Amino acid sequence: MRVVAVSVEQLVLDLDPPFHANWDPEPRRTFPATVVRVTCDEGLTGIGGGDTLHGVQPHVHHLLGSDPLAMERQVRVLESIDFHGPRPWPIEAALWDLVGKATGRPVATLLGGMTDRLPAYASTGAAKSAADQADVAVHVRDRGFGAIKLRVDAHDRVAALAEVTAVREAVGSDLEVMVDLNQAWRMPGDTAGSIDLVTARRFADALAELDVHWLEEPLPARDLAGLAQLRSDARVRIAGGELSRTMDDVLAALDADAYDVHQPDVVLAGGLWRGRTLGELIVRRGRRYSPHTWTDGLGLLANLHVAAAVGGGPFLEFPYDPHGWTPDRRDFPLAAPVEIDAQGDLVVGDRPGLGIVLDEDRVAATRVGGWSARLDQGTVVYEEGP
Ligand SMILES: [Mg+2]
């Protein structure tokens, strides 16, 4: 089997009304998504997505003519591309989808098959009043979730604690509650600094009194010593690492014992093959592996398959907020949005590969650009345009 073509389609969904994520300096009026397709000489096509792939095109010829089953070789090529700028991991997701289709197996089965389901947590995004946080928590509980993640303002901890308290009073022990401070990275234009270790420790103590399941990104990701100290001191789990760049970043955090819950996203940080290895190491050391999935349905599915393969969890992120972030928006390139089942679980399912089914009409209607590279009698042919 040989890779004979790679294509990338850039899509944009208009958001009306806009969605204002708690970590964004300004509301989002559009939502971009990317669909990458890798086709082999036997006619199968694998599909991936979850990041933009801007800047990958000049390097993609290194994949053409190669064996899609030679995954360690593929990953080393992609790591060499990653070193030079763009995160190329949606291409690896497409390669895995192709391998799954070639073998008739879900990727989660090929990567270990520890479980076929993980309980989902509703990962909210918008800033809200305490009353609105409580209303959303009740809605999330009634919709069948077992857990919710709240976004609060790290620099207004009085308000943040009021919000978490209101949620706890509204749902009692019906939901596990996670709290994300988003202190580890910044959107373009956001120059705010992080809170410090002492402040984070006091906040963690207050959250422990509210039986919070984990506190996410309380400090910058580069402060591994501070995170490890906080993890050692705190009576609430410390989570982080979602925008790690490489396998080595995640290993450094694991060696430093910076987190109780490691969250590297397989379409943003090192890919599925490395993610599977990292997940195994994390679980082996008694820590938790719960990948970030806040991209789109294609990225969510890639992370679900890897987390299920190694027995990650116990919860997996399901981006969902009735205040502007619905599965329809999140998964707009898909024929049907990814949903939880009646038990509140995300389920791998029986489809070969990553289980991605595109709505090709929607893909065509939202396409704003793209490119392809293919082998034509040994020569690489590039084409631009949607
Ligand atoms: Mg986060």
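In this simple spin-label approximation, VAL158 and ASP142 carry label points 7 Å from Cα along the Cα→Cβ vector, and these lie 3.2 nm apart. The peptide list 266-279, 367-380, 42-55, 194-207, put in order of mean Cβ contacts within 10 Å with the highest first, becomes 266-279, 42-55, 194-207, 367-380.
Averaging the sequence gap over all C-alpha pairs within less than 8 Å and six or more residues apart, then dividing by the number of residues, gives segment 177-319 a relative contact order of 18 percent. Between amide H atoms placed 1.01 Å from N, distances below 5 Å from LEU358 occur with ALA335, all of them 5 or more places distant or on a separate chain. Relative to the longest principal axis of the Cα atoms of the chain, the long axis of helix 89-103 lies at roughly 60 degrees. Applying Stokes-Einstein at 25 °C and 0.890 mPa s to the Kirkwood radius of segment 84-217, computed over alpha-carbon pairs, gives a translational diffusion coefficient of 141 µm² s⁻¹.
Label separation (GLU360 vs PHE83): 3.9 nm, computed from points 7 Å beyond Cα along the C-beta direction. When only Cα pairs below 8 angstrom with a gap of at least 6 residues are kept, segment 274-347 shows a relative contact order of 28 percent. Gap in Å between the Cα centre of segment 107-123 and the Cα centre of segment 36-55? A separation of 22 Å, based on Cα centres.
By how many degrees, 0 to 90 and rounded to 10, does the Cα axis of helix 157-171 deviate from the longest principal axis of the chain? It works out to around 90 degrees. Set the Förster distance to 51 Å, then compute FRET efficiency between ARG284 and GLU383 from the Cβ-Cβ distance, nearest 0.05. After rounding, the FRET efficiency stands at 0.65. Close amide H pairs (under 5 Å, H built 1.01 Å from N) link LEU15 with THR30, PHE31, residues at least 5 positions away or on another chain.
Using alpha carbons only, how many angstrom separate the centre of segment 214-255 from the centre of segment 284-305? Between the Cα centres of segment 214-255 and segment 284-305 lies a distance of 16 Å. Charge dipole of segment 305-386 (Cα centre as origin; +1 on each Lys and Arg Cβ, -1 on each Asp and Glu Cβ, all else neutral): 160 debye, rounded to the nearest 20. Diagonalising the gyration tensor over the Cα atoms of the chain and scaling each eigenvalue by 5 before taking the square root yields semi-axes of 35, 22, 20 Å, largest first. For the chain, the share of DSSP beta bridges that are antiparallel, to the nearest 5, is 60%.
Residue-wise HN-Hα couplings along segment 180-192, as the Karplus relation 6.51 cos²θ - 1.76 cosθ + 1.60 with θ = phi - 60° gives them from phi, are 10, 9, 6, 8, 8, 7, 9, 6, x, x, 9, 9, 5 Hz; Gly and Pro carry x. Taking every alpha-carbon pair under 8 Å whose residues sit at least 6 apart, the chain reaches a relative contact order of 22 percent. Averaging the Cα positions of each part gives two centres, and for segment 311-362 and segment 194-210 these lie 33 Å apart.
Near VAL8: Cβ cut-off under 12 Å, other residues only, Lys/Arg at +1 and Asp/Glu at -1. The net charge is -2.
From its DSSP helices (H runs of at least four residues, each -39,500 (n - 2.57)), the chain gives a residue-normalised ellipticity at 222 nm of -10000 deg cm²/dmol. Taking Cα atoms only, the orientation of helix 247-256 departs from the longest principal axis of the chain by about 30 degrees.
Computed from the coordinates by the stated procedures, all read-outs in this text should not be read as laboratory data. From a predicted model like this one, the values you see are computed outputs, not experimental measurements. All Cβ positions, glycine included, derive from the backbone under ideal geometry; neighbour counts span all protein chains shown.
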